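Every number in this text was worked out from the coordinates using simple rules, so none of it is lab data. Just so you know, these numbers come straight off a predicted model, no measurement behind them. Counting neighbours? That spans all protein chains shown, and the Cβs are built from the backbone with ideal geometry, glycine included.
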Amino acid sequence: MLETIGIRNTDELFEEIPSHLKVSGLEGIPQGMTEMEVSRLMHQRAAENRQAVCFIGAGAYEHHIPAAVWQLTTRGEYYTAYTPYQAEASQGTLQLTYEFQSMITALTDMDVSNASLYDGASALAEAVLMAVRGNRKSKSRRIIIPRTVHPAYRKTADTIVSGQNIELVEVDYDRASGTVQLDAIKQAAGDDITAVVIQQPSFFGTLEDVDAITDWAHQNNALVISITNPLSIAVLKPPGQWGGNGADIACGDGQPLGAPLSSGGPYYGFLCCSKALVRQMPGRIVGRTTDVDGKEGFVLTLQAREQHIRRSKATSNICTNQGLVVTASTIHMAILGPQGLENTAAACHANTRELVAQLSTIDGVRTAFNGPIFHESVLLLDRPADEVLEALIAQGILGGYDLAADYPELGSAILVCATELRTEEDMMAYRTELQAILAVETRHKETA
Amino acid sequence: MLIYEHSRPGRNGAPQAPVSKADLSDIPPELLRRGRAGLPEVSELQAVRHYTRLSKKNFSIDTHFYPLGSCTMKYNPRACNSLAMLPGFLSRHPLTPDRHSQGFLACMYELQSMLCEAMGMTAFSLAPMAGAQGEFAGIKMISAYHKANNDDARKEILVPDAAHGTNPATATMCGYSVREIPTLDSGDVDFEALQTAVGPQTAGLMLTNPSTLGVFERQIEKIAAIVHEAGGLLYYDGANLNAILGKIRPGDMGFDVIHTNLHKTFSTPHGGGGPGSGAVGVADRLKPFLPLPIVADDNGNYRRLTEQDAPRSIGHLSAFMGNAGVLIRAYIYMRLLGKAGMERVAEFATLNANYMMAEAKRRGFQLAIPERRASHEFIITLKKEASEFHVTAMDFAKRLLDLGYHAPTTYFPLLVPECLLIEPTESEAKEALDGFMDALEQIRGEARNHPEIVTTAPHTLPVKRLDEVSAARKLDLAWKAEPPA
């Protein structure tokens, strides 16, 4: 090979690089390992993560995933394929993505979907940008985001849209119901509001009055951006059915549909919208068409929105998306089907109700809000949440998410969730341990 | 055939879901769904067979050579996947307290450190979930830096005209206007034009080096100096890192901030379009602005930094910790390669590219920049073939698919007419490179003698050329059940 190139050694390949800039070696990198050695290391590292029964949701949910889902997804033909720009050599990925778009639009009851964004939080950011581009009746670039929206989503949206002269207007929630009131939205809205964001179920698991908020927003020339857990809308009213005309943009995290918890990713963000907004959509979109013989086939379409064509005028800078997780999610939805998703969602709800009922019989535990919940709930403790959660984890229970940092006004509060994977025994164990921990602490307090 | 066409009412993969205990009586009926979602109803076997068959309609690294310029499609070792999918990693909830997640965080901390070393940067954040988000984070940090210095006049980001589309799109997303800098025929940036463009309005310059033209930017020190003298910062687009890994580091070239595409250089799979990871590294002065979370080592205890630790951070880019599972795969890959392996990456990638370039020349193909050394990729222009045989680069690309090769990147960079951007990577053996060159020669022969074979290719794939125009005009983006007659 060197001879063909006409050089004597590989150093000559780098002769155009100024020699004083070259490094002699990567001194800080450890020596390589064999697969056996790396395997040993990774098993050890995996074991250093404490295994516990998980009662945390807060945007990432532990669900059953059929064995077939990731066995198929990690087939080399999906796992090691490139972005389907060469359509004829990518019909597998393209058709699967079209099927994904079909399923997620059916679930959200929206007109169109893209092929995915990074995660639910960044999808919210893109939804906000899309609303600002798409709402020609509003000049204010002001977006209402209630505090019942996931705190990490609000932070992420702020990071991503803040350079573009957009104001995210926070609206507080009603302390009794844990929901945002329409009156509070009206008050914050002023004369001109570009869009209203609603999360259903809310971050607290409470249920917002989505119909009234959607209708009010539309009467006031504002778009509605919904954030939903895609599993929950197998039973809850999907964004496309909110109010008289449905939400305009529907986003969320696809994780509950086939992605393992995996420390927070890779998940995927879904983004759906009404037909009217399709040209404002960021990211890849797959369309069905025909080949020269009239045979059905699939291609990336509306590419003139995207960065590789439109450059600085693109709808977003996004290029790489979360294709492989979408692959898993599509297979997951196909295997579970509408009945399976409905049963799973209902079982999560039943388990969470059961858990909340059990735990709130304990002295020193009560529910934070009145009114209906779905799948997740806030509990108030009469001991500091961090200490209680730490004591629970020592007993092998991840007892919930501590809300102190994001909602200090709630005092000692935790967000709990029991998915379909939690058994009666899991919940009884949680009750027993929590009761014991609170009792011990009460005794300590009395003797002190 | 779509999965929906296998669907029959009432069919499902019954053992995969709990038996219904649907008591929704506590939820107000107006908040419940009207009508069941239109998802397919198939058996598990039908789903498995359908998606197995669909997979066979894909090209992939595991089945085909992918000499795809600017995208680095190298082999993805299987161990990276199976070890990243150990239950101890998969079942970890992202909100598990740090002290109970030391195994995961140790991997993340070491990955940050190895990236700092390999890139010559001071600190890294693994937060960005793809290259474009890494670019966003980088430009956002540049913006935060100028803001912290009360330097509000800098409204412009400079981008060479050969740059990836994500560069100008990112600058726009960060609120900057974009000024393009022309590229010379030699592949280097037009330095005189850059000199004219740089000024007090310059926030920074985004540069890929080696550039998208597959050559090393020889004036890099002069470029860094002139941008820095004007008060601007230098952004390194890491798409082409495979060309220099172990040979020269972006930090040593004068870059202030870089993103790496772990799904390119560090071999995490492309997955049919993602997920990726766009980890960002910075020099000292941008360290306070890095996106969160970052993993720190507090005397042997790893923990994620928060806003309290890093009040000037540009903030969060995702709900949790970016594409954690992708990061684990990159970590495993780096541990497998280690020091010696990583030092060899650029050497073999560049050797393969230069060998193919020499072969292309020997076989009479026209090179876009013949007088230069190729980096890890090079460009053939089919201008002559296009005018003589009326066969385009796209036709060549489609015919290559017939012959069992994924097409190189076509029509990018935009500066070179009828171009093929070819990147073999270090993974491929000489026989694969020769086979590809034979295929190109065969196609040129066909173009001369039977051009219709080339212009109507592909012939052997599941579909022939697809009608993209009508796909965009008559939008069919989701399957809908036929309304009942």
| What list of ³J(HN,Hα) couplings, whole Hz, do you get for segment B:122-129 from phi and the Karplus terms 6.51, -1.76, 1.60, once you set θ to phi - 60° and write x for glycine and proline? | 7, 8, 10, 10, 9, 5, x, 8
| field | Surface/4 estimate of mean projected area, convex hull on alpha-carbon atoms of segment B:346-470, nm² | value | 8.2
| query | In nm, to one decimal, how far is the modelled label at B:LEU305 from the one at A:GLN164, with both set 7 Å along Cα→Cβ? | reply | 2.8
| note | Output row, site B:MET1, 7 Å Cα→C-beta label point, backbone N cut-off 16 Å, window segment B:38-56, residues B:40-56
| note | With 0.36 nm assigned to each residue of separation and the Cα-Cα distance removed, B:ARG344 to B:LYS480 gains 43.8 nm
| task | Using only alpha carbon pairs under 8 Å that are at least six residues apart, calculate the relative contact order of segment B:346-470 and give it in whole percent. | result | 28
| request: From zero up to wherever the largest Cα-Cα distance of segment A:352-448 sits, split into 10 Å bins and tell me the percent of pairs in each. | output: 15, 52, 29, 3, 0
| request: Could I have the simple spin-label model distance between B:GLU452 and B:HIS228, label points 7 Å from Cα toward Cβ, reported in nm to one decimal? | output: 6.3
| message | Need one number for chain A: average projected area of the convex hull over its C-alpha atoms, nm². | response | 29.9
| query | To the nearest 0.05, what FRET efficiency results for B:ASP252 and B:GLU441 with a Förster distance of 45 Å applied to their C-beta separation? | reply | 0.65
| remark: Using alpha carbon centers only, segment A:19-84 is separated from segment B:169-224 by a whole-angstrom value of 36
| query | Based on DSSP, what percent of beta bridges with both residues in chain B are antiparallel, to the nearest 5? | reply | 55
| field | Where the Cα pairs of segment B:337-413 fall when distances are cut into 10 Å bins, in % | value | 17, 41, 30, 10, 2
| query | Considering only the other residues whose Cβ falls under 14 Å of the Cβ of A:CYS273, what net charge follows from Lys and Arg at +1 and Asp and Glu at -1? | reply | 0
| message | When only alpha-carbon atoms are used, what values of Rg and Dmax, in angstrom, describe segment B:136-200? | response | 12.7, 39
| query | What is the calculated FRET efficiency for A:ASN220 to A:SER360, with r their C-beta to C-beta distance and R₀ = 30 Å, to the nearest 0.05? | reply | 0.15
| If R0 is 22 Å, what FRET efficiency do you get for A:ARG136 and B:ASP152 from their C-beta distance, rounded to 0.05? | 0.15
| Looking only at Cα atoms, what is the convex hull volume of segment A:21-142 per residue, in Å³? | 318
| query | Hey, what did chain B get for relative contact order, percent, Cα under 8 Å, at least 6 apart? | reply | 18
| task | Using a cut-off of 15 Å between beta-carbons, work out the net charge of the residues near A:THR83 (Lys and Arg +1, Asp and Glu -1, A:THR83 not included). | result | -2
| field | Exceeding the 20 Å Cα-Cα cut-off - candidates B:LYS287/B:LYS339; A:LYS139/A:LYS237; B:LYS57/B:LYS264; A:LYS313/B:LYS155; A:LYS275/B:LYS474 | value | B:LYS287/B:LYS339; A:LYS139/A:LYS237; B:LYS57/B:LYS264
| message | Quick check on the protein assembly as shown: helices-only [θ] at 222 nm, where DSSP H runs of length 4 and up contribute -39,500 (n - 2.57) each and the sum goes over total residues. Nearest 500, please. | response | -11500 deg cm²/dmol
| query | Each label point is 7 Å from the Cα along the Cα-to-Cβ direction; what then is the distance between the points at B:ASP467 and A:THR423, in nm? | reply | 5.7
| said: Starting from 0.36 nm per residue, how many nanometres of slack lie between B:LEU414 and B:ALA22 once their C-alpha separation is accounted for? | reply: 135.4 nm
| query | If you wrap a convex hull around the C-alpha atoms of segment B:79-337 and split its volume per residue, what is the figure in Å³? | reply | 123
| All other residues with a Cβ under 15 Å from the Cβ of B:ALA79 taken together, and with Lys, Arg as +1 and Asp, Glu as -1, what is their net charge? | +3
| In segment A:204-281, what % of DSSP beta bridges are antiparallel (nearest 5)? | 60
| message | Taking every DSSP beta bridge with both residues inside segment A:67-332, roughly what % is antiparallel (nearest 5)? | response | 45
| said: Please give the charge dipole size of segment A:67-332, origin at the Cα centre, charges +1 on K and R Cβ atoms and -1 on D and E Cβ atoms. Round to the nearest 20 debye. | reply: 700
| note | Of all C-alpha pairs within segment A:67-332, those more than 28 angstrom apart amount in percent to 32
| query | Over chain A, what is the relative contact order in whole percent, taking alpha-carbon pairs under 8 Å and six or more residues apart? | reply | 20
| said: If N is the number of residues in the protein assembly as shown, what value comes out of its Cα radius of gyration divided by 2.2 N^0.38 Å? | reply: 0.92
